[in-house]
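Accompanying notes for the structure given below.
The values are calculated or read from the model by the stated rules, or taken from the named source; none is laboratory data. Bear in mind the structure is a predicted one, so any value in this text is a computation, not a measurement. Cβ atoms come from the backbone with ideal geometry, glycine included; neighbour counts cover every protein chain shown. To get the accessible areas, we keep the full protein, side chains included, count just its heavy atoms, and leave off ligands, DNA and RNA. Shrake-Rupley method; radii C 1.70, N 1.55, O 1.52, S 1.80 Å.
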Amino acid sequence: MPKSNSVDFTKQARKLVADDLPLQFEPNSFTIRGAQLNRSTQLKNNQVFIMDDDRFLTLKQSLQTVQEIEELISFLESQETFSFPPLNNGLFPAAIAHESTGYQSIWVRDNIHIAHALYAIGKMESACQAMSTLTDYFIKHRDRFDDMISGKTHPKEIMKRPHIRFDGTTLGEIDEKWAHAQNDALGYFVWLYSLLALQEKLTPTQESLELMAAFVCYFEKIRFWEDADSGHWEEARKVEASSIGTAVAGLKMLQQYLDQSQTWSHFKLGKKSVPPELLDDLIQQGQLTLAQILPAECIQPDPLQARKYDAALLFLIYPLGLVEGEMAETIMEDVRIHLMGDYGIRRYLGDSYWCADYKDILGEDDRTSDFSEDQASRDQLLKPGEEAQWCIFDPILSVIYGQRFLRSEKSEDYERQRFHLDRALNQITTHDSIFGAYRCPESYYLEKGQYVPNDITPLLWTQANLMMALHQWKQTVAARR
């Protein structure tokens, strides 16, 4: 790391400190609010220290050669921006954050997205280790599937569904009420496990094949295409396209693996065979429902459940590859027009999680509580237009446009890929942040009128998506040479 250089305080900086104005990063302008200082400045002992951000800015603003991109990736790696510290068993906590956030726990969904990102850039061992341990977790708790399939438990008994958040050290369940009705998390697991098996990166055993059969029969039992779940955002249960689509993508990938490996004869739940026709039927049911709902997330008549725009639908385009063509274009434009803000992208309109002054309104223990049964109580805290703006979506949009550009070679796809990559890089924290520099937040939220990173910083899911976006940009630059 280059040595820091100190310079005398400017008059403007002196005035800033004297007035005690807040220092806040403005992602789109690289300024600190209240002072016209370098994006990298840090105030300390009446001096301005110019950190090595100049190198970051220089690299970020160019990125026109493969070498420049690799230098930026190496620089961010040296700053631990792309640090994914696993547990001893290979699983990843959701965030490197204070225990009060609860994000030290293991979420199935987050681990799948992180493992997939590692797989996508060629870090196969880490991806496979995480998936193997997730498989062990689900095998350990197979009774959750078996009891639901047999009718011993009912889908409405949410705590008796497979748990999608758990203790990563022991692989034990957490004795805390949680919105475990999350069919998307289960679908993601089936999808990535089957993808790695299809590419012979994982070798399924008879026990893991039977687990996959249990997933299929579980999806059949709960009638996933009409099951109201809490979905990606773990909130009020509704029939949502992003959950249905994830389950469909998982079932399709599993079907592809079973066809290619010719292991249908071993695909059993106990002594009962699970036939190809069952997967065909489940996939068809899911696709028919998606055809009715998309491009919306939810079309239920209850206004508390209806939702026209939701950024979770982007994941059906990438990484799942389920939605393509005109429908994919419509979803992306809906996100860009209706959900994109100056600092990030809203999950959906009316999202009250980390709404304005969230830390003042809710106590530390309540901020990440399960609101799935009473979301209205939190929603009343939100003022229109003051939703948190998340950092996981711009990198995904950049990847999608990048993959499109490699097929189309259209300048519009190229420009939009770079646009969303720039936004994603601008969301990285700076030295004036309480979290330090080069961290990837979960979101930016309004605190006393200023957008700042929320407490879940860094979020490993954001890191993973940004890492993929940079590697996708490298492919684009190489293709244009």
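Taking the criterion of being crowded, with 21+ Cβ neighbours inside 10 Å, aliphatic (A, V, I, L, M), in a helix (DSSP H, G or I) and touching a His at 6+ places or on another chain (Cβ under 9 Å), would at least one residue in region 399-413 satisfy it?
yes
Quick check on my filter: what residues within region 192-246 are touching a helix residue (DSSP H, G or I) at 6+ places or on another chain (Cβ under 7 Å) and hydroxyl-bearing (Ser, Thr, Tyr)?
Matches in region 192-246: Tyr193, Ser194, Ser208, Tyr218, Ser242, Ser243, Thr246.
Inspect region 207-216 for any residue being on the phi > 0 side of the Ramachandran plot and modelled with pLDDT of 95 or more and give the result as yes or no.
Of the residues in region 207-216, the ones on the phi > 0 side of the Ramachandran plot are none.
Looking for residues that are on the phi > 0 side of the Ramachandran plot and modelled with pLDDT of 95 or more, one finds none in region 207-216, hence no.
Could you check how many residues of region 153-197 are open to solvent by less than 10 Å² (accessible area, probe 1.4 Å), aromatic (Phe, Trp, Tyr) and not in a helix (DSSP H, G or I)?
Residues flagged as open to solvent by less than 10 Å² (accessible area, probe 1.4 Å), aromatic (Phe, Trp, Tyr) and not in a helix (DSSP H, G or I) within region 153-197 amount to 1.
Output the residue which, of all residues in region 219-241 that are part of a helix (DSSP H, G or I) and out of contact with any strand residue (DSSP E or B) (no Cβ under 9 Å at 6 or more places or on another chain), is surrounded by the fewest Cβ atoms within 10 Å (Cβ to Cβ). Explain how you work it out, then say what you get.
Going residue by residue through region 219-241, those that are part of a helix (DSSP H, G or I) are 219-222, 224-226, 241.
From what is left, the residues that are out of contact with any strand residue (DSSP E or B) (no Cβ under 9 Å at 6 or more places or on another chain) are 219-221, 224-226.
Details: Phe219: 27, Glu220: 16, Lys221: 17, Phe224: 26, Trp225: 23, Glu226: 11.
By that ranking, first place goes to Glu226.
Picking from Tyr444, Tyr414, which residue would you name as being among the aromatic types (Phe, Trp, Tyr), at negative phi and in contact with a Ser or Thr (Cβ under 8 Å, 6 or more places away or on another chain)? If you could, list the steps in order and put the result at the bottom.
On the way: Tyr444 fails: in contact with a Ser or Thr (Cβ under 8 Å, 6 or more places away or on another chain).
Every option except Tyr414 fails the conditions.
Look through region 328-346, keep the residues that are in contact with a helix residue (DSSP H, G or I) (Cβ under 9 Å, 6 or more places away or on another chain) and open to solvent by 10 Å² or more (accessible area, probe 1.4 Å), and return whichever of them is farthest from Gly231 (Cα to Cα). Outline the logic, then answer.
Within region 328-346, the first condition is being in contact with a helix residue (DSSP H, G or I) (Cβ under 9 Å, 6 or more places away or on another chain), and the residues that meet it are 328, 331-332, 334-336, 339-340, 343-346.
If we keep only those that are open to solvent by 10 Å² or more (accessible area, probe 1.4 Å) as well, we get 334, 336, 340, 343, 346.
On the way: Asp334: 20, Arg336: 22, Met340: 21, Tyr343: 24, Arg346: 16 Å.
Once the filter is applied, the top-ranked residue is Tyr343.
Within region 253-308, can you find the residues that are assigned to a helix (DSSP H, G or I), free of Cβ contacts under 8 Å to residues at least 24 places away in the same chain, under 15 Å from Met212 (Cβ atoms) and open to solvent by 30 Å² or more (accessible area, probe 1.4 Å)?
Asp259, Trp264, Ser265, Pro276
Considering region 269-312 alone, what residues qualify as being of a type in the set (D, E, K, R) and touching a helix residue (DSSP H, G or I) at 6+ places or on another chain (Cβ under 6 Å)?
Glu297
Could you count how many residues in region 440-457 are open to solvent by 10 Å² or more (accessible area, probe 1.4 Å) and either in contact (Cβ under 8 Å) with a residue 60 or more places away in the chain or not small (Gly, Ala, Ser) (or both)? Walk me through it before giving the result.
Quick first cut of region 440-457, residues open to solvent by 10 Å² or more (accessible area, probe 1.4 Å) only: 446-453, 455.
Still in the list and also either in contact (Cβ under 8 Å) with a residue 60 or more places away in the chain or not small (Gly, Ala, Ser) (or both): 446-448, 450-453, 455.
Adding up the residues that qualify gives 8.
Given the criterion under 19 Å from the mean Cα position of the chain (by Cα), open to solvent by less than 10 Å² (accessible area, probe 1.4 Å), touching a residue at least 24 places away in the same chain (Cβ under 8 Å) and over 28 Å from Lys268 (Cβ atoms), identify the matching residue among Ala95, Ala130, Ala115, Ala120.
Values: Ala130 fails: over 28 Å from Lys268 (Cβ atoms); Ala115 fails: over 28 Å from Lys268 (Cβ atoms); Ala120 fails: open to solvent by less than 10 Å² (accessible area, probe 1.4 Å).
Only one candidate qualifies: Ala95.
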